[in-house]
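Single-structure report; data block below.
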Amino acid sequence: MQQYTTTFVKKEEVADNTYKYLFEKPEEFTFRAGQYAVIEIMNPKVEDERPAFRSLSMASAPHQEYLAFIMRSSDSGFKQSMQTLKAKDEITLKGPLGHMQLPSDMKIPVVFLTAGVGITPARSMLLDMHHRKSSREVTLIYSNREMKSAPCFQEMSEVALENYRCIHAITDNTSDWEGESRRIDKAFIEEYVPDITLPVFYIVGTSGFTKAMQSILAELDVQKEKIIIDNFG
C-alpha cells in the first residue's frame, strides 16, 4: 500500500452536521472513481480508544484538483480531530484501495442504491462519468430521512449526464417534501428499474441498509455477480 503525506485545504458543509473535507492531491496519487483511502491524522487534537485513522471513500473524481471525503460529525476522537484541522495541516494518506468500478461495457446500465453518506463513492463515479461524457444509462436511488440531512442533495439532482435519473426518497413524512417518500422496497425498485435483468447494482450504506437492499435484490432474483456492495459498517 502506497503512503503519502498531504495537507488539508478546507471543509464545506454539504448537509446538516455533514462536511466535505478537501485535501491536496499528491502529484503521484492516482485512483479509480469508487475507490477509497486510509486517512491518518498526525497529532490528533482529540483522542479516544480507537486509532486516529479511518478508511474513507473518495468523494471526488480522479480528474479533480483536490481529494474530497464526506463525513458526518460525531463525538469520536477521529471526527472531532478532523473538525479541528486547519489549512496546511498534514495528514497521512494510504491507498488507493478497493475494487468498486463501473462495467467496461458502456451498454450495461447501473443502479446506485444509496443512503446518507453512502452517496460518497456514487458521487465520485457520477462526476467521473460526467467528465468522460458517458452515455451509460444511470439511475441513482438516494434515500434520506430529511432533505437537510442528505449530503449533496441538490448536486446529485443536477448531474448533467445524458441518460441519468436521480430519485430522492425522503422518508420523514412530517417534512414539506412533495417527491418520493417511500422506503426502498421491492415495489419501489420494480417501478424505477423496469428491466431488473439488465443493470449492475451498487449498494452503499450502513450494514443495516446494505443487508436490506441485498434481501430485496434477492427477492427480485438479481444475480449475485451483478451486485456490488460498499458497507460503511
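The values are calculated or read from the model by the stated rules, or taken from the named source; none is laboratory data. In this text the structure is predicted, and so the values were computed from the model without any measurement. We place every Cβ from the backbone using ideal geometry, glycine too, and count neighbours over all the protein chains shown. Surface areas here come from the heavy atoms of the whole protein model, side chains and all, with no ligands, DNA or RNA. Shrake-Rupley method; radii C 1.70, N 1.55, O 1.52, S 1.80 Å.
Here are the numbers for the structure shown:
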| read-out | value |
| --- | --- |
| Farthest positive-ward along the chain dipole, Cα basis, beta-carbon charges - from VAL222, MET156, GLN83 | GLN83 |
| Value of relative contact order over the chain, rounded to a whole percent, pairs C-alpha under 8 Å and six or more apart | 19 percent |
| Charge context of VAL9, other residues only, Cβ under 11 angstrom, K/R +1, D/E -1 | +2 |
| Structure-based [θ]222 nm, the chain - -39500 (n - 2.57) summed over DSSP H runs of at least 4, per residue, nearest 500 | -5500 deg cm²/dmol |
| Portion, in percent, of the accessible area of the range 23-173 that falls on carbon or sulfur, probe 1.4 Å | 46 percent |
| Under-5 Å amide H pairs with ALA150, H placed in peptide plane, nonlocal only | ASP16 |
| Sequence-distant residues sharing a close amide H with ALA59 (under 5 Å, placed H) | ALA68, PHE69, ILE70 |
| Whole-number accessible area per residue in Å² for the chain, which is evaluated in the context of all protein chains at 1.4 Å | 51 Å² |
| Cα gyration tensor shape for the range 31-98, rounded if a/c is under 1.5, else prolate or oblate | prolate |
| Accessible area of ARG165 in the full protein assembly, 1.4 Å probe (Å², nearest 10) | 100 Å² |
| In Hz, Karplus ³J(HN,Hα) per residue of the range 39-46 (6.51, -1.76, 1.60; θ = phi - 60°; x = Gly, Pro) | 9, 10, 8, 7, 6, x, 6, 10 |
| Between 0 and 90°, nearest 10: helix 119-131 axis offset from the chain longest Cα axis | 80 degrees |
| With DNA, RNA and ligands ignored, accessible area of ILE41 (1.4 Å probe; Å², nearest 10) | 10 Å² |
| Check: the range 1-115 dipole with +1 on Lys, Arg Cβ and -1 on Asp, Glu Cβ, in debye | 160 debye |
| Charge tally in the Cβ shell below 11 Å around THR174, where Lys, Arg are +1 and Asp, Glu are -1, THR174 excluded | -2 |
| Whole-Hz couplings from phi, Karplus 6.51/-1.76/1.60, listed for the range 62-78; x for Gly and Pro | x, 7, 7, 5, 10, 8, 10, 9, 10, 9, 7, 6, 7, 8, 5, x, 4 |
| Number of Lys pairs (Cα under 20 Å; 8 or more positions apart or on different chains) in the range 1-95 | 26 |
| Amide H contacts of SER143 (H built 1.01 Å from N, under 5 Å, at least 5 apart or other chain) | THR114, ALA115, GLY116, ALA169 |
| GLU47 - accessible surface, heavy atoms, 1.4 Å probe, Å² rounded to 10 | 150 Å² |
| HN-Hα J in Hz across the range 142-153 - Karplus 6.51, -1.76, 1.60, θ = phi - 60°, x for Gly and Pro | 10, 9, 8, 5, 9, 4, 5, 9, 8, x, 6, 3 |
| Net +/- balance of residues flanking LEU97 in space, Cβ distance below 14 Å, scoring K and R +1, D and E -1 | +1 |
